[in-house]
Amino acid sequence: MEADELRKLPSVDRLLQEEAIASLAVQWGHDLTVHAIRETLEETRQMIREGGICPPLPGLARQIAERLTAHLRPTLRPVINATGVIIHTNLGRAPLSAEARAAMDAVAVGYSNLEYDLKTGQRGSRYVHAEELLCRLTGAEAALVVNNNAAAVLLILMCFARGREVIISRGQLVEIGGGFRIPDVMRQSGAVLVEVGTTNRTYLHDYEAAITEATAALMRVHRSNFQLLGFVHEPSLSELAELATKRGLLLLDDLGSGTLLDTAAYGLAHEPTIQESLAAGASLVSCSGDKLLGGPQAGIIVGRAELIARLKKFPLTRALRVDKTTLAGLQATLRHYLLGEAAEKVPIWQMISQDEASLRARADAWVRELHELGVAAQVVPGRSAVGGGSLPGQTLPTYLVALEAESPNAIAARLRSGDPPVIARVEDDRLVLDPRTVLPDQDATLHRLVAQALRSA
Ligand SMILES: *Cc1c(COP(=O)(O)O)cnc(C)c1O
């Protein structure tokens, strides 16, 4: 029986003569096609040995075609974010504005003056490109952009505190995610971590008492992904700045998210802004480019000119440098802030500032359009999260579209296997879609994919 079935398996040559496969060979080339045929035959042989039967020729041809498409599909693909988490680290954080994308494309397509001074015709520095904008927006004397904020923190500690002590509150020894823990980064940098205070209460005199000959800096780390509530105390940044100045120490502030706009104006808790941090007297402030700033992945360092100058010359900086497309995208994003148009043009701020009425109207329209495709759904009130290591526990009211489905997890899995994949949320045993994070031009695609996923259920 098994031998009979194995004998039915066509040869590679026979399959290549099959019209559907011959056209694949024209499209993808002979070698890739033969490779996919061999893999499919091997898998089928295995399946027959385990008691299966030989599929008919068209079935095999379909499997080969699917294998070829899967091989050639990029692993990094766009997805539709229907989770309502605005800065979703797993989904690539901030979507970029049209202007930022255009700026990145413009420098990607050809050559640029990345490290070329157009006035003198001599070698220039890539670090000048976003610097002036950052200084104007934050009030900093100087700025430097590196690969990401983790790199920024490591670089600062290595450059200014290697082999010396850095004092930090026990309430700020945080883990950001992806294994980025402040105590580990300190160790890696060669700085000696000096913990002061307790988890919930740290006083200025705790810092003061810990200062020794070996102290290089006081450091503050923003608790960007959790809240401390109740019986808590921490000195303000300006109190720390005063102490640092008096004792000739640096004050380093890892802001994490780093915002230029006041989140309180959008119904959220107040997230410390970069400007406030500098005004309070921090020597160096670092933050991410792709959290609340809404730009490409980058680590932004702003602060005192002589410190930034030392960072620019520090050898590790070369290993953490940013690409031309990042600088172009960041510059275009920062321009939106300078022009006072960030809330309208920067996608994450558009999402944060959407009002309830327009979210409701969009959810209602989705339900109507889904209904026309034969999908039963209803609008329910819910919450969207800012996410991405910013504004912990802070949510915004939204309207969700809940799908009626027997097994919401199975539908969620089917949505993830769509093209493009749709990432939804399962809440209270329901599959829900949040319009807040779905880009305006994705509505029709989303509805088609949802109808498809439910039909094949
Ligand atoms: C997110 C975050 C980081 C890491 O920033 P990346 O840009 O992801 O490298 C560091 N510190 C804090 C406080 C953060 O919130």
Check: For segment 264-271, in order, what is each residue's ³J(HN,Hα) by Karplus, 6.51 cos²θ - 1.76 cosθ + 1.60 with θ = phi - 60°, in whole Hz (x at glycine and Pro)?
Finding: 5, 6, 10, x, 10, 5, 6, 9
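Over the chain, calculate the relative contact order: mean separation of alpha carbon pairs under 8 Å at least 6 apart, over the residue count, as a percent.
Values: 803 pairs, mean separation 87.2, N = 457.
Once normalised by length, the contact order is 19 percent.
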Check: What size of dipole, in debye to the nearest 20, comes out for segment 96-342 about its Cα centre when the only charges are +1 on Lys and Arg C-beta atoms and -1 on Asp and Glu C-beta atoms?
Finding: 700
Next item on the list: Could you order CYS135, CYS287 by accessible surface area, starting with the largest, using a probe radius of 1.4 Å?
Entry: CYS135, CYS287
Checklist line | Distant-in-sequence amide H partners of ARG425 (H built 1.01 Å from N, under 5 Å) | finding: VAL432
Checklist line | Fraction of alpha-carbon pairs over 19 Å apart in segment 165-216 - percent | finding: 28
Notebook entry, point to check: Once phi is turned into ³J(HN,Hα) by the Karplus curve 6.51 cos²θ - 1.76 cosθ + 1.60 with θ = phi - 60°, what whole-Hz value does each residue of segment 288-302 show in order, with x for glycine and proline?
Noted result: 8, x, 10, 9, 6, 6, x, x, x, 4, 6, x, 10, 10, 10
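Suppose a student asked you for the relative contact order of segment 181-276, using Cα pairs under 8 Å spaced at least 6 residues apart; what percent would you report? It would help to have the intermediate numbers written out before the result.
Numbers: 90 pairs, mean separation 23.2, N = 96.
RCO, segment 181-276: 24 percent.
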Notebook entry, point to check: Using alpha carbons only, how many degrees (0 to 90, rounded to 10) separate the axis of helix 30-49 from the longest principal axis of the chain?
Noted result: 70
Margin query: Need one number: % antiparallel among DSSP beta bridges in the chain, to the nearest 5.
Written below: 60
Next item on the list: Count the net charge of all other residues whose Cβ sits under 10 Å from the Cβ of THR89, scoring Lys and Arg as +1 and Asp and Glu as -1.
Entry: +1
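Taking 8 Å as the Cα distance limit and 6 or more residues as the minimum spacing, I'd like the relative contact order of segment 96-342 as a percentage.
Numbers: 465 pairs, mean separation 68.6, N = 247.
So the answer I get is 28 percent.
Measuring with a 1.4 Å probe in the full set of protein chains, what accessible area per residue, in whole Å², belongs to the chain?
Spelled out: the 1.4 Å probe surface of the chain, per residue, equals 48 Å².
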Note to self: Normalised by the empirical 2.2 N^0.38 Å for globular proteins, what value does the Cα Rg of the chain take?
What the structure shows: 1.22
Next item on the list: Sort all Cα-Cα distances of segment 96-342 into consecutive 10 angstrom bins from zero, then give the percent of pairs in each bin up to the one containing the longest distance.
Entry: 7, 31, 36, 19, 6, 1, 0
Check: With charges only on Cβ, +1 for K and R and -1 for D and E, what is the dipole size of the chain about its Cα centre, in debye, rounded to 20?
Finding: 960
Notebook entry, point to check: From the backbone phi of segment 69-76, what are the Karplus-calculated ³J(HN,Hα) couplings (6.51 cos²θ - 1.76 cosθ + 1.60, θ = phi - 60°) in whole Hz, Gly and Pro given as x?
Noted result: 4, 5, 4, 8, 6, x, 6, 9
Check: So, by mean Cβ neighbours within 10 angstrom, what's the order for 121-127, 433-439, 362-368 with the highest one leading?
Finding: 433-439, 362-368, 121-127
Notebook entry, point to check: Among the lysines, which fall within straight-line cross-link reach of LYS324, defined as a Cα-Cα distance under 30 Å, with same-chain neighbours fewer than 8 residues apart omitted?
Noted result: LYS119, LYS291, LYS312, LYS313, LYS345
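Assigning unit charges at the beta carbon (Lys, Arg +1; Asp, Glu -1) and nothing else, what dipole magnitude in debye, to the nearest 20, does segment 2-72 show about its Cα centre? Walk me through the intermediate numbers first.
Numbers: 8 positive and 12 negative charges, 8 e Å.
Charge dipole, segment 2-72, about its Cα centre: 40 debye, nearest 20.
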Checklist line | Protection-proxy order for peptides 252-264, 298-310, 169-181, each taking the mean of Cβ atoms within 10 Å per residue, highest first | finding: 252-264, 298-310, 169-181
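Specify whether the C-alpha gyration tensor of segment 167-276 places it in the rounded, prolate or oblate class, a ≥ b ≥ c being the square roots of the eigenvalues: rounded for a/c under 1.5, otherwise prolate if a/b is larger than b/c and oblate if not. Before the final figure, lay out the partial values.
Working: a/c = 1.60, a/b = 1.37, b/c = 1.17.
Prolate.
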Item checked: Solvent-accessible surface (1.4 angstrom probe) belonging to THR89, in square angstrom, nearest 10 -> 70
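Express the carbon and sulfur contribution to the solvent-accessible surface of the chain as a percent, rounded to the nearest whole number, probe 1.4 angstrom. Present the calculation step by step, with values, prior to reporting the outcome.
Details: 11240 of 22000 Å².
The computed percentage sits at 51.
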Notebook entry, point to check: What is the set of long-range amide H partners of ARG220 at a cut-off below 5 Å, with H atoms built 1.01 Å from backbone N?
Noted result: LEU252, ASP253, ASP254
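The values are calculated or read from the model by the stated rules, or taken from the named source; none is laboratory data. These figures come from a predicted structure and were not determined experimentally. Glycine gets a Cβ as well: all are built from the backbone with ideal geometry, and neighbour counts include every protein chain shown. Ligands, DNA and RNA are stripped out before the accessible areas are found, and what is left, the full protein with its side chains, is counted by its heavy atoms. Shrake-Rupley method; radii C 1.70, N 1.55, O 1.52, S 1.80 Å.
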